[in-house]
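Participant: Can you read through this structure? Questions will come right after.
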Amino acid sequence: MEERPNRMRILRRWYAGCWVMFGLGPPVIAVHDRTDVTKYVTWALVAALAASYMALTTFPRHRVVGATGFLCLLVAVLGVTAILLEGGAAFFIVSIPLFWIYTRTPRRAVGYLSAAAVATLIGNLTGPIFSPGNATFTLLGYAGGVLLGLWMDQVIRQGAERTRVLGAELERTQSDLAEAHQRQGAAEERERIAREIHDTLAQGFASIIVLAEAARDGIGTDPATTAKQLLSIERTARENLTEARVLVGGSPADSSGVAQTLRRVLDRFAEDTGLTVHAELADIVCDQPARIGLVRCTQESLANVSKHAKASTVGVVLSHTDAGLELEITDDGIGFTPHEASGFGLNGMRNRLAELGGEFAVTSSPGEGTRIFALLPSTERS
């Protein structure tokens, strides 16, 4: 947008130089050997016109030296110099662009141009010697100036209209893009919250339901077991409350090491389900997003084991290798066919690890158990 105004200023300055050289210069030179009256009158008119033009370009908004005054003076000078120079067609033709530059409407431009042409023709007719060639070139210059000026004005108007339309379309596109980004951000935030709820609150509530059903069945026959189950319900509810506060507040609930956090998760899982858990957890230090990703992946995998696997033993291995942080969770359950599985859990784990630049794989087949493998890039070694 800035390049076009700069180019127009350069073109105007270039034309101003050409007008001074080929418009004002020739009359001054042409009367050098004429009578003193002709010479000094011509020089005075050219000087007055040059001064008016300099004042106009220096103070374009000044009322006294405005475009109207300059153009009226130009018409008068063209008429008088046509008498003094016994012609004046060249001076008129060189000055034609000024009538289009310093008028706001095509009608005013054509009006001033017509007045200048008439003044030049009258000067040619009333001068000492009538020059048919000068009159012809004046008429041709007038016709060409009007036609070319009207065509250029139409081109400029069409360009301005295209610019306006493109500007409006650009504003609409920017508005649509901003709305799309807002919708995308809202959708991503909904997906993140849904994943967090599924991996934390939903799993906790599911555990509470299972424990509550077991406690209800054994409340009359096994009070000791029922008491443990009620204690687990209370503890799970408190953890869910903590997780809910984390989701609302946006801060991590646990800043301990990933191995320590996973041990607590596995102990609770073994206590609530009665399954045998074998864990090999390296004492690894990692950043908060990686720690949360590994913990959530473990929680979701254990929830799937509890609900679907019908397993008796679960193995969890956390290690640090050259490839990065590796988490492997296996069970000896009934297995399944991974490509036929559908649900939020596996996709949620896969998406969560992908956001962290990691990898996720599920290996299983009916009757062969299940292996979950997660790999995250190493952020810090112990």
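The values are calculated or read from the model by the stated rules, or taken from the named source; none is laboratory data. The structure displayed is predicted, hence computed values, not measured ones. Please note: Cβ atoms are built from the backbone with ideal geometry, for glycine as well, and neighbour counts cover all protein chains shown. Accessible surface is based on the protein model in full, side chains and every heavy atom, while ligands, DNA and RNA are left aside. Shrake-Rupley method; radii C 1.70, N 1.55, O 1.52, S 1.80 Å.
Participant: Could you check region 157-184 and list, in sequence order, the residues that are of a type in the set (A, V, I, L, M, F, W, C) and open to solvent by 100 Å² or more (accessible area, probe 1.4 Å)?
Facilitator: Looking only at region 157-184, we keep the residues that are of a type in the set (A, V, I, L, M, F, W, C), and these are 160, 165-166, 168, 170, 177-178, 180.
Within region 157-184, Leu166 is the sole residue that qualifies.
Participant: Considering only residues of region 246-263 that are at pLDDT 85 or above and open to solvent by 60 Å² or more (accessible area, probe 1.4 Å), which is nearest to Ser232 (Cα to Cα)?
Facilitator: Within region 246-263, the match that is nearest to Ser232 (Cα to Cα) is Arg263.
Participant: Now for a separate question. So, in region 331-350, of the ones that are more than 21 Å from Gln203 (Cα to Cα) and exposed (fewer than 13 other Cβ atoms within 10 Å of the Cβ), which residue ends up modelled with the highest pLDDT?
Facilitator: Selected residue: Thr337.
Participant: In addition: Could you tell me whether any residue of region 46-67 is farther than 22 Å from Gly25 by Cα, open to solvent by less than 20 Å² (accessible area, probe 1.4 Å), assigned to a helix (DSSP H, G or I) and of a type outside the set (Val, Ile, Thr)?
Facilitator: no
Participant: Listed residues Thr221, Thr236; which is more than 21 Å from Asp267 (Cα to Cα) and either in a helix (DSSP H, G or I) or modelled with pLDDT of 80 or more (or both)?
Facilitator: Working: Thr236 fails: more than 21 Å from Asp267 (Cα to Cα).
On inspection, the qualifying residue turns out to be Thr221.
Participant: What about Ala90, is it surrounded by 14 or more Cβ atoms within 10 Å (Cβ to Cβ), at pLDDT below 90 and more than 19 Å from Arg12 (Cα to Cα)?
Facilitator: Working: surrounded by 14 or more Cβ atoms within 10 Å (Cβ to Cβ): yes; at pLDDT below 90: yes; more than 19 Å from Arg12 (Cα to Cα): yes.
Answer is yes for this residue.
Participant: Residue under question is Ala270, and the condition is that it be crowded, with 20+ Cβ neighbours inside 10 Å, touching a strand residue (DSSP E or B) at 6+ places or on another chain (Cβ under 6 Å) and closer than 27 Å to Gly367 by Cβ; does it hold?
Facilitator: In short, no.
Participant: Name every residue in region 93-136 that is closer than 20 Å to Phe22 by Cα, loosely packed, with under 15 Cβ neighbours inside 10 Å and modelled with pLDDT of 90 or more, in order of residue number.
Facilitator: Residue satisfying the conditions is Thr136 alone.
Participant: Right, something else. Please verify whether Gly315 is open to solvent by less than 20 Å² (accessible area, probe 1.4 Å), farther than 21 Å from Ala202 by Cα and of a type in the set (Gly, Ala, Ser), treating the condition exactly as stated.
Facilitator: Answer is yes for this residue.
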